[in-house]
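Heads up: the structure comes next, in structure tokens.
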Amino acid sequence: MNFLIITHVPHIYQNQKWYGYTPYVREMNIWLKYVDEVTIVSPLQRVKPSAIDMAYQHEQITHKAIPEIAFINFSRALKSLVSLPLILFTLYKVCQQADHIHLRCPGNIGLLGCLVQLFFPKTIKTAKYAGNWDPKSKQPLSYRLQKWLLSNTFLTKNMTALVYGDWPNQTKNIKSFFTATFTEAEKEPLKVRGYSGTLEFMFVGSLVEGKRPLFAIQLIEQLLKQGKQVRLHLFGDGVLRPKLESYIKSHQLEAYIILHGNQPKDVIKTYYETSHFLILASKSEGWPKVVAEAMFFGVIPLSTRVSCVPTMLGHGQRGILVEADLDQAVKVFNSYAEANFKSMSIKALEWSQAYTLDRFEKEIRDLI
């Protein structure tokens with residue numbers, strides 16, 4: 001089987017191996033266990049792999065490089081428009097040779113893939129929509145168009161679209177899905193936390209506006225002002241790091257807030273095993289892996305109501321749902337007692353440990 005992947009994720013070639021963003025490649029390596037040949041169409045980066053990149057585990061990979069496209073300013077938009085014919089031609093040629101077309105959405109390249117796949121109604125296809133599938137959410141036109149094309153069973157044939165969350169009135173080709181990080185063998189019994197001493201918080205994600213890391217810092221700052229014993233560990237990097245470092249220093253929070261940068265899975269796992277809470281105040285998500293990962297070890301998420309997060313948190317039974325308003329979030333957090341936290345921790349672990357890599361791999365195998 002020639003398995004074709006169409007993605008906006010930039011790829012790197014180093015030491016006869018192909019690298020990409022770790023969470024994405026870790027998932028794709030599971031898909032690729034069941035295919036003979038792999039063709040990847042994506043932008044190419046001529047840099048060395050970083051700490052957040054990992055290699056594909058497959059011997060028969062062909063990569064077709066295409067330009068990155070973006071419409072964030074006039075110059076980039078003009079270059080993208082000039083590149084469109086080449087990209088569309090490349091996608092059409094590789095789709096002709098594919099036994100299975102796999103689209104990674106949402107994204108500009110995913111949108112082009114959604115259009116080209118219309119010309120191959122007999123080819124088996126899957127799409128992983130890693131964004132927010134909530135029909136009521138406000139999203140860019142390109143995202144809405146991708147969702148419409150994937151859902152349109154008249155135009156799109158032989159397609160199974162994997163989405164996060166259970167939503168009403170979906171077409172028959174839309175399959176509610178999940179993602180996973182840990183295996184059955186990594187399950188651990190709950191490490192019972194005490195909630196009367198110092199409360200350990202975590203933030204895991206890119207330090208960018210969409211993830212609202214400053215909200216996490218300011219939440220801890222407000223709790224400190226109320227005399228609470230709290231500490232925050234931030235994992236991840238991004239353009240906001242200098243601004244966050246400056247804020248922490250100017251508000252004399254160095255003893256309570258630690259920026260760890262990008263760290264491997266095993267390091268973050270040790271903090272999951274001992275922390276009390278995870279803060280996720282994102283503007284947009286699909287299935288936030290960090291929430292499921294934290295819950296796997298009994299960490300209680302404190303999150304905004306975005307995408308399928310309310311379902312993940314059992315609408316407040318397995319975590320704390322807040323608005324992106326600092327005063328409201330602090331008030332909601334303070335409304336819970338220690339007994340509430342202990343119950344939430346147990347329920348969070350029980351729910352998340354049902355979604356293991358073993359189960360994920362079985363679901364993928366069935367799809368292929």
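The values are calculated or read from the model by the stated rules, or taken from the named source; none is laboratory data. Nothing here was measured: the structure is a model prediction, and the numbers come from that model. Cβ placement follows ideal geometry from the backbone for every residue including glycine, while neighbour counts extend to all protein chains displayed. The area values use the complete protein model at the heavy-atom level, side chains included, leaving out ligands, DNA and RNA. Shrake-Rupley method; radii C 1.70, N 1.55, O 1.52, S 1.80 Å.
Within region 304-341, the residues that satisfy the criterion of being part of a loop (DSSP other than H, G, I, E, B), touching a residue at least 40 places away in the same chain (Cβ under 8 Å) and closer than 15 Å to Gly165 by Cβ are Val306, Ser307, Cys308.
Yes/no per residue for (1) acidic (Asp, Glu); (2) on the phi > 0 side of the Ramachandran plot; (3) surrounded by 16 or more Cβ atoms within 10 Å (Cβ to Cβ); (4) modelled with pLDDT under 95:
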| residue | (1), (2), (3), (4) |
| --- | --- |
| Asp327 | yes, no, no, no |
| Val330 | no, no, yes, no |
| Asn334 | no, no, no, no |
| Ala337 | no, no, no, yes |
| Phe341 | no, no, yes, no |
| Met344 | no, no, yes, no |
| Lys347 | no, no, yes, no |
| Trp351 | no, no, yes, no |
| Asp366 | yes, no, no, yes |
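Filtering region 269-283 for residues that are under 29 Å from Ser196 (Cβ atoms), assigned to a loop (DSSP other than H, G, I, E, B), open to solvent by 50 Å² or more (accessible area, probe 1.4 Å) and aromatic (Phe, Trp, Tyr) leaves an empty set. For region 77-125, residues that are closer than 17 Å to Val9 by Cα, β-branched (Val, Ile, Thr) and outside any helix (DSSP H, G or I) total 1.
When region 126-183 is filtered for residues that are part of a strand (DSSP E or B), open to solvent by less than 50 Å² (accessible area, probe 1.4 Å) and within 22 Å of Pro288 (Cα to Cα), the ones remaining, listed by number, are Thr126, Ala127, Lys128, Tyr129, Thr160, Ala161, Leu162, Val163, Tyr164, Ile174, Phe177. I'd like to know if region 306-318 contains one or more residues that are surrounded by 20 or more Cβ atoms within 10 Å (Cβ to Cβ) and touching a Ser or Thr at 6+ places or on another chain (Cβ under 6 Å). The answer is yes; a qualifying residue exists. Scanning region 128-161 for residues that are basic (Lys, Arg) and closer than 19 Å to Leu367 by Cβ, we see that the one that is farthest from the chain's Cα centre (by Cα) is Lys157. Note on region 79-113: among residues that are without any contact (Cβ under 8 Å) to a residue 24 or more places away in the chain and open to solvent by less than 90 Å² (accessible area, probe 1.4 Å), the one that is nearest to Ala161 (Cα to Cα) is Lys93. In region 149-158, is there at least one residue being in contact (Cβ under 8 Å) with a residue 12 or more places away in the chain and on the phi > 0 side of the Ramachandran plot? There is at least one residue in region 149-158 that is in contact (Cβ under 8 Å) with a residue 12 or more places away in the chain and on the phi > 0 side of the Ramachandran plot.
Hey, any hits in region 245-253 for a residue that's modelled with pLDDT of 95 or more, surrounded by 13 or more Cβ atoms within 10 Å (Cβ to Cβ) and within 21 Å of the chain's Cα centre (by Cα)? For region 245-253, residues modelled with pLDDT of 95 or more, surrounded by 13 or more Cβ atoms within 10 Å (Cβ to Cβ) and within 21 Å of the chain's Cα centre (by Cα): absent.
For region 204-226, which positions are out of contact with any strand residue (DSSP E or B) (no Cβ under 9 Å at 6 or more places or on another chain), open to solvent by less than 60 Å² (accessible area, probe 1.4 Å) and not in a helix (DSSP H, G or I)?
Listed by number, the residues that qualify are Ser206, Val208.
Could you grab me the full set of residues in region 227-265 that are farther than 26 Å from Thr181 by Cβ and assigned to a helix (DSSP H, G or I)? Listed by number, the residues that qualify are Pro242, Lys243, Glu245, Ser246, Tyr247, Ile248, Lys249, Ser250. When Met54 is tested against (1) free of Cβ contacts under 8 Å to residues at least 40 places away in the same chain; (2) closer than 18 Å to Lys147 by Cα; (3) touching a strand residue (DSSP E or B) at 6+ places or on another chain (Cβ under 7 Å), exactly one condition is not met: (2).
Consider region 60-78 and keep the residues that are touching a residue at least 40 places away in the same chain (Cβ under 8 Å) and open to solvent by less than 40 Å² (accessible area, probe 1.4 Å). The one that is nearest to Ser42 (Cα to Cα) is Ile66. Take the residues of region 316-368 that are within 30 Å of Lys125 (Cα to Cα) and among the basic types (Lys, Arg): which is nearest to the chain's Cα centre (by Cα)? Going through the qualifying residues, I end up with Arg359. Mind listing just one residue for me: the one in region 20-36 that is in contact with a helix residue (DSSP H, G or I) (Cβ under 7 Å, 6 or more places away or on another chain) and either part of a strand (DSSP E or B) or not hydrophobic (A, V, I, L, M, F, W, C) (or both) and, of those, modelled with the lowest pLDDT? Once the filter is applied, the top-ranked residue is Pro23.
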